[in-house]
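Below: one structure, written as structure tokens.
Only the coordinates and a few stated rules stand behind these numbers; no lab work does. If you're wondering where the values come from, they're calculated on a predicted model, not measured in any experiment. A quick note on method: Cβ atoms are made from the backbone with ideal geometry, for glycine too, and the neighbour counts reach across all protein chains shown.
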Amino acid sequence: MDILVVLESKNGSLHRMSREAIVGAQSIAAENGLSISALAIGIDTDQIASSVSGMNLDEVLVANHNLLSTYSADGFAECVKQVIEKENPSLVFVGHTYQTRDYFPKVSARIDKPFIPDVVSLMKEGDFFVFTKTVYNGKLGSKVVSNDSECTLISFQAAAFSEENIESGSASTRSFDIELESSQVRTSSEAPIQEEVSGIDLSSADLIVSVGRGIEKENNLQIVKDLASAINGELASSRPVVDAGWLPSSHQVGSSGQSVSPNLYIALGISGAIQHVVGMKGSKNIIAINKDADAPIFEIADYGVVGNILEIVPKLTEAING
Amino acid sequence: MKIGVLIKQVPGAESALPINDNETGIQEDQASFLMNESDSYALEEAQKIIESRGNGEVVAISLGPDRVQKIIREALAKGADRGIHLQTDAKGLADPLTLAKQFAKALESEQFDLIFSGLQSDDSGMGQTGIILGELLNMSTASLVVGTELSENTLKVKRELEAGWSQWVTLTLPASISIQSGLNQPRYPSLKGIMGAKKKELKILSESEFYIDGKKQSIQKVFVPKTNKKTEMIEGEPDTIVARLVDVLKNEVKVL
Ligand SMILES: Cc1cc2nc3c(=O)[nH]c(=O)nc-3n(C[C@H](O)[C@H](O)[C@H](O)COP(=O)(O)OP(=O)(O)OC[C@H]3O[C@@H](n4cnc5c(N)ncnc54)[C@H](O)[C@@H]3O)c2cc1C
Ligand SMILES: Nc1ncnc2c1ncn2[C@@H]1O[C@H](COP(=O)(O)O)[C@@H](O)[C@H]1O
């Protein structure tokens, strides 16, 4: 086995980022003559295995065990460890999901192999793969190499690969026996809960005025609210504004908040960190105002202004209100 | 109850990030450093737990060059009981597996009941160090923690899941958890705290006491990302900018 893609179930179906990880594997497999296996662990394995059986993979491994029927970091880390030790893949791919954030570092520790997280692309240079990831909160990129010749763990950032490019084929299924005892699982979890989603539904909003930490203090929020009402838009924010208690969490856009795709998204004092951008990059038009010309938000904006929101926003509102 | 908190000093959000000559990192002497954001939430959570129990200690731990003593002092001024500085002049973004091994070597004898770390560092963004450390010290672990409830032999944590979901997970002790921002409001140091911090213990470990050889992954090159999107940059005096923005809203995006 050359590449192992570890699959994740989300509400009974295959997580979108698992599909993207498969595309990542397929993108290098043919060219380099590598085989790809996928691994379904514990939860909804029948559905997961059948959802990948029509893809161009060499094999699907299914690991069932009563201790794996709900997620635990200990159980899942032990399972992936045992598969790696038995099957010897040289690359292990997953999506950079909240679940893999929780247990993949443990796999890395248990097998003493490097885990390069949140990778956006990969390239072969000579005999090595070079992985690109962002550092400094998205402000810089870095090229990273593994120094371990046997096995390297990789997680891919959302949208690193496009699931539309998935190659179809057919894959056989094999079950894999896991040895696990209850004493090895040191956690127990309750059913997931959803925070009350009172307040606003931003997902259907057409116009969004969104504010970030650049607003500096709670008192300044009024200028953003005024702009929102001048254009009849909804008010949204990045996470730090919610963390500070300045707006309720129902306003938060991003990976841990709402996903929006309005006709217009105005980003005010928002740097454009990936966890924010995943929630709004589907917007049809993006206007960004930020005092830092190098802020990553300008990479996805249609219109950009390098300037001070405290100065420009009130003027803009005034001009609109005429 | 003894809680170790890992705090990292990273370039602040407003810091310049000029790339160094061999393109392996930034020119540190031109960066301005702060305590990593999620680490300050981790520190606050540890302090709240110890304060509500009325006994125990919070130990602030940082690895890096001498400049990191600034954030250890800051933690002490906010009320942490003592500090440990793992002193090294190693440059660049660390390999989390080797880094965690160094922490494990240096901290094993402390026998912490709990280790708190930030969810991820704002510079390397590995999201691993605290979890690997927990694994190496045989502790149970959880990441993305947005709430804690400590009882005698267990720690119950609320873990953030995707898109507004979360889940309570009960961990056996000892445990190492990584903290997500927003679960509390980190305090500012008081004047009394700042004065008192000078008298608190700050233990300095030299590199030979925790050194681990090797690097499991390395950075070949750091670069400024290029963008493909054509962004119209609107320039000029504020009035000119505003006039063009109104024009865009009216005639291009057509929302006015
Ligand atoms: C697992 C995980 C989940 C996350 N989920 C989310 C999420 O759902 N949503 C989210 O938003 N974040 C989320 N984050 C946090 C995210 O990584 C960033 O930290 C956050 O998006 C930054 O918010 P910001 O842009 O408002 O603040 P900063 O990054 O601090 O940026 C502030 C910006 O304001 C600019 N600025 C300052 N003053 C002015 C001024 N006067 N005029 C104009 N510009 C100014 C600065 O140049 C800077 O670019 C998550 C992080 C993690 C690790
Ligand atoms: N050099 C360091 N000194 C202290 N704590 C660190 C250091 N590096 C990482 N950490 C801790 O580990 C967390 C995760 O870092 P990372 O794995 O780099 O994303 C940080 O938020 C800190 O709590």
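Can you give me the C-alpha center-to-center distance between segment A:257-322 and segment A:12-76, rounded to a whole angstrom?
So the separation of the two Cα centres works out to 37 Å.
What nm value, rounded to one decimal, do you get for the distance between B:ASP247 and B:GLU235 when each label is placed 7 Å out toward the C-beta?
Distance between label points: 1.5 nm.
Which FRET efficiency value, to the nearest 0.05, do you get for A:GLN275 and B:GLU201 by plugging their Cβ-Cβ distance into 1/(1 + (r/R0)^6) with R0 = 41 Å?
Details: r = 37 Å, r/R0 = 0.91.
Given R0 = 41 Å and the Cβ-Cβ separation, E is 0.65.
With θ set to phi - 60° and the Karplus curve 6.51 cos²θ - 1.76 cosθ + 1.60, what are the ³J(HN,Hα) couplings of segment A:287-299 in order, to the nearest whole Hz, using x for Gly and Pro?
In residue order, the calculated couplings are 10, 10, 10, 8, 6, 9, 4, 8, 4, x, 4, 5, 5 Hz.
Going through segment B:194-249, which chymotrypsin sites (Phe, Trp or Tyr not before Pro) have at most 16 other Cβ atoms within 10 Å and a DSSP loop state?
The qualifying sites are B:TYR211.
Take the residue pairs A:LYS10/B:LYS8; B:LYS2/B:LYS70; A:LYS139/A:LYS217; B:LYS2/B:LYS156 and return only those whose Cα atoms are more than 26 Å apart.
In this structure, A:LYS10/B:LYS8 exceed 26 Å between Cα atoms.
Please return the longest stretch of chain A lacking exposed loop sites, where GluC sites (Glu not before Pro) count only if DSSP places them in a loop and at most 16 other Cβ atoms lie within 10 Å.
The reported range is A:1-149.
Have a look at the DSSP beta bridges in chain B and tell me what percent are antiparallel, nearest 5.
Percent antiparallel among DSSP bridges in chain B is about 35.
Within segment B:62-87, find all residues whose amide N lies under 19 Å from a label point positioned 7 Å from the Cα of B:ARG187 along Cα-to-beta-carbon.
Of the residues in segment B:62-87, B:71-84 have backbone N under 19 Å from the label point off B:ARG187.
Taking GluC sites (Glu not before Pro) as candidate sites, keep only those in a DSSP loop with at most 14 other Cβ atoms within 10 Å, then name the longest stretch of chain B containing none of them.
B:24-151
Where the centre of each part is set by its Cα atoms, how far does segment B:156-216 sit from segment A:177-231, in angstrom?
Cα centroid to Cα centroid, the span is 23 Å.
Which three extents, in whole angstrom, do the alpha-carbon atoms of segment A:3-184 cover along their principal axes, largest first?
Each principal axis gives a Cα extent; for segment A:3-184 these are 43, 36, 29 Å.
If I model segment A:248-322 as equal point scatterers sitting on the Cα atoms and use the Debye formula, what is log10 I(q)/I(0) at q = 0.14, 0.22 Å⁻¹?
With one equal scatterer per Cα and no solvent, log10 I(q)/I(0) is -0.45, -1.01.
What's the longest bit of chain A with no exposed trypsin sites (Lys or Arg not before Pro), using DSSP loop states and at most 12 other Cβ atoms within 10 Å as the test?
Result for the longest clean stretch: A:1-216.
For A:PHE156, which sequence-distant residues (separation of 5 or more, or a different chain) have an amide H within less than 5 Å of its own amide H, given hydrogens modelled in the peptide plane?
Correct list: A:VAL94, A:GLY95, A:HIS96, A:ASP118, A:VAL119.
Output the Kirkwood hydrodynamic radius of segment A:142-273, Cα pairs only, in Å rounded to one decimal.
19.3 Å
When you look at the Cβ of every residue in B:227-235, what mean number of other chain Cβ atoms sits within 10 Å?
Per residue, the number of nearby Cβ atoms from other chains is 6 on average.
Using the Kirkwood formula over every pair of different C-alpha atoms, what hydrodynamic radius in Å results for chain B? The partial results should precede the final answer.
Numbers: mean 1/r = 0.0496 Å⁻¹.
Computed over Cα pairs of chain B, the Kirkwood hydrodynamic radius comes out at 20.2 Å.
Toward the positive end of the charge dipole of segment B:64-150, about the Cα centre and with charges on Cβ (Lys, Arg +1; Asp, Glu -1), which of B:GLY130, B:ALA94, B:GLN111 goes farthest?
Positive-end residue among those listed: B:ALA94.
Tell me which trypsin sites (Lys or Arg not before Pro) from segment B:137-232 have a DSSP coil assignment and no more than 13 other beta carbons within 10 Å of their own.
Those satisfying the criteria are B:LYS198, B:LYS199, B:LYS226, B:LYS229, B:LYS230.
How big is the Rg/Rh ratio for the protein assembly as shown, C-alpha atoms only, Rh by Kirkwood, two decimals?
Using Cα coordinates only, the ratio equals 0.96.
At a Förster distance of 45 Å, what's the computed FRET efficiency of A:LYS217 paired with B:ASP113, Cβ-Cβ distance as r, to 0.05?
Efficiency computed from Cβ-Cβ geometry: 0.75.
Can you give the FRET efficiency for B:LEU256 and B:ASN55, using 1/(1 + (r/R0)^6), R0 = 60 Å, r = Cβ-Cβ distance, to the nearest 0.05? If you can, show how the numbers build up before the last one.
Details: r = 62 Å, r/R0 = 1.03.
Using R0 = 60 Å, I get an efficiency of 0.45.
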